[in-house]
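The values are calculated or read from the model by the stated rules, or taken from the named source; none is laboratory data. Please read all numbers here as calculations on a predicted model, not as lab measurements. Glycine also receives a Cβ, built like all others from the backbone with ideal geometry; neighbour counts cover every protein chain displayed. Heads up: the accessible areas ignore ligands, DNA and RNA and are worked out on the full protein's heavy atoms, side chains in. Shrake-Rupley method; radii C 1.70, N 1.55, O 1.52, S 1.80 Å.
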Amino acid sequence: MANKKIHFNAFVQNSPSPYSSGLWKHEKDHGTKHNRLDFWINLAQTLEKGKFDSVFIADVLGTYNTYNNSFDTSAKYAVQLPSHEPTVLVSAMAAATKHIGFVPTISTTYSQPYSLTRQLSTLDHLTQGRIGWNVVTSYLKSEAVNLGLPERLSKDERYNRADEFLEVAYKLWEESWEDGAVVQDAATDTYANPQKVHTVKFHGQYFDIDGPHLVEPSVQRTPVLFQAGASTKGKHFAAKHAEAVFSKHNSLEDLKRFVAEMEEKAEIYGRERGDIRVFPMVLPIVGKTEAEAYEKLKMLESYVSHEGVATLLSGHTGIDLSHIDPDDYVEDIQTDAIQVDLDYYAKDTTRKWTFKEALKHHCIGNGAAIFIGTKEQVADQFETWAIEGGAAGFNITQAYNPGTFEELIDEVIPILQERGLYRTEYEGTTLRENLYGKGQQHIKYSHPAQRNKKIPN
Ligand SMILES: Cc1cc2nc3c(=O)[nH]c(=O)nc-3n(C[C@H](O)[C@H](O)[C@H](O)COP(=O)(O)O)c2cc1C
């Protein structure tokens, strides 16, 4: 463990104050400038100074209208509305940086593998191998009705479609263009050797493909695959496909259980233990003293739009919280929305949560684990969750943007570096090398991108 290095991704979204409803009013939050390139360029440069692995950009394709069956409170409190597009930000940030990676969120439910693989391969070329993909299946009902479906697909079906989507995507990325296909030989008037460019023929339940990948092989070929799944089916999907899993945990014990489960499940799919890197979501809050850090949390809470939080949590859990008694306990049920946002409260083995308490916890940082205290105490918590808990790194959410990241970079990262727990230089030139180590530009041979298997129902 002595050589273990902690990785950080910045969890952001092209929307003002997406995870701390109401914090856009705080003077340190610049989220209202999300529609300007300089906001994103400055952010990427700041994060690169902090040697972050990536700018991880969440996304939704619809409104949060579960609460009171209306998007009024989403619009009023900016609950991920406006929701601007994530991938268009990447080229600008890449042009202003050299090392940091970019992980846009794109839904397999509302895109097509032939065009999406093209888009991501193009970005992987332009960034010279710094692209990842947060593979999501989408959870809002409002997305379906605007994107060609009469209603949201069941979670089972979303994951089946996602599984087939990736099966096709791997063929396009890994098998269509052989190494050495591009010769650019002026003497023979040959750009590419057609013998080495292959048609992908695929006829599945959801997709039909009969053509070659439109992009010559990029540095990584398959982008680094992130996924966040906490339902049984979601965990199987992650175990099969994800190189890194984005998760939420209410305790160190819960994290340990999750890491152990992912290791076991990875083996079912012929992958090696350690292939899947777990990234819990964390909000750091640093004060000069512990008391000051708690004062800061109180101050941050004074900016919260509470109905906005209820709107957000309703969308995440699929439960309309406008019709729930706040003193009721959060029930352990299955949801077709995001399972972990219920499990975080309903499956906590240390205590029971009422909806009122869950809403209070969710109000800053979207229900992330909050690491709070002096800079040493916050560094200790990262260390414990990484070394004892088995987290490979953390997706850092924010109270205010970019202030939360700046405080982490200025206060906590130097301590982690002194402890030998954080890089002082990037290990490689690609996102995958920075995650797995120098030399690992392509997806590992143990990954099913190299050999497909079906996931069980
Ligand atoms: C921490 C976390 C972050 C997520 N981010 C997004 C996102 O940005 N966009 C999205 O459509 N879904 C997102 N999801 C939803 C998941 O991709 C998945 O569709 C959802 O969690 C339902 O599957 P599950 O119940 O198996 O987790 C996120 C889920 C988690 C747990």
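Numbers below:
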{"read-out": "Test: residue in segment 144-154 that is β-branched (Val, Ile, Thr) and open to solvent by less than 20 Å² (accessible area, probe 1.4 Å)", "value": "no"}
{"read-out": "Residues that are assigned to a strand (DSSP E or B) and open to solvent by 70 Å² or more (accessible area, probe 1.4 Å), drawn from segment 133-143", "value": "none"}
{"read-out": "Segment 82-101 - residue that is in contact (Cβ under 8 Å) with a residue 60 or more places away in the chain and not in a loop (DSSP other than H, G, I, E, B) and, of those, nearest to the chain's Cα centre (by Cα)", "value": "101"}
{"read-out": "Any chance residue 79 is under 21 Å from the mean Cα position of the chain (by Cα) and surrounded by fewer than 22 Cβ atoms within 10 Å (Cβ to Cβ)", "value": "no"}
{"read-out": "Lone qualifier among 375, 356 - being surrounded by fewer than 23 Cβ atoms within 10 Å (Cβ to Cβ) and either under 28 Å from residue 14 (Cα atoms) or not assigned by the TED database to the domain that holds residue 60 (or both)", "value": "356"}
{"read-out": "Selected residue (only one of 163, 156 is within 16 Å of the ligand (Cβ to nearest atom), in contact (Cβ under 8 Å) with a residue 12 or more places away in the chain, more than 20 Å from residue 213 (Cβ to Cβ) and not in a loop (DSSP other than H, G, I, E, B))", "value": "156"}
{"read-out": "For residue 416: the one exception among (1) under 23 Å from residue 274 (Cβ atoms); (2) assigned to a loop (DSSP other than H, G, I, E, B); (3) open to solvent by less than 30 Å² (accessible area, probe 1.4 Å); (4) modelled with pLDDT of 95 or more", "value": "(2)"}
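To keep it simple, each residue is scored yes or no on (1) of a type in the set (D, E, K, R); (2) open to solvent by 10 Å² or more (accessible area, probe 1.4 Å); (3) without any contact (Cβ under 8 Å) to a residue 12 or more places away in the chain.
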position: 14; (1), (2), (3): no, no, no
position: 19; (1), (2), (3): no, no, no
position: 26; (1), (2), (3): no, yes, no
position: 31; (1), (2), (3): no, no, no
position: 38; (1), (2), (3): yes, yes, yes
position: 54; (1), (2), (3): no, no, no
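Condition check ((1) over 18 Å from residue 176 (Cβ atoms); (2) aromatic (Phe, Trp, Tyr); (3) modelled with pLDDT of 95 or more) across all residues:
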site	(1), (2), (3)
110	yes, yes, yes
119	no, no, yes
137	yes, no, yes
149	yes, no, no
153	yes, no, no
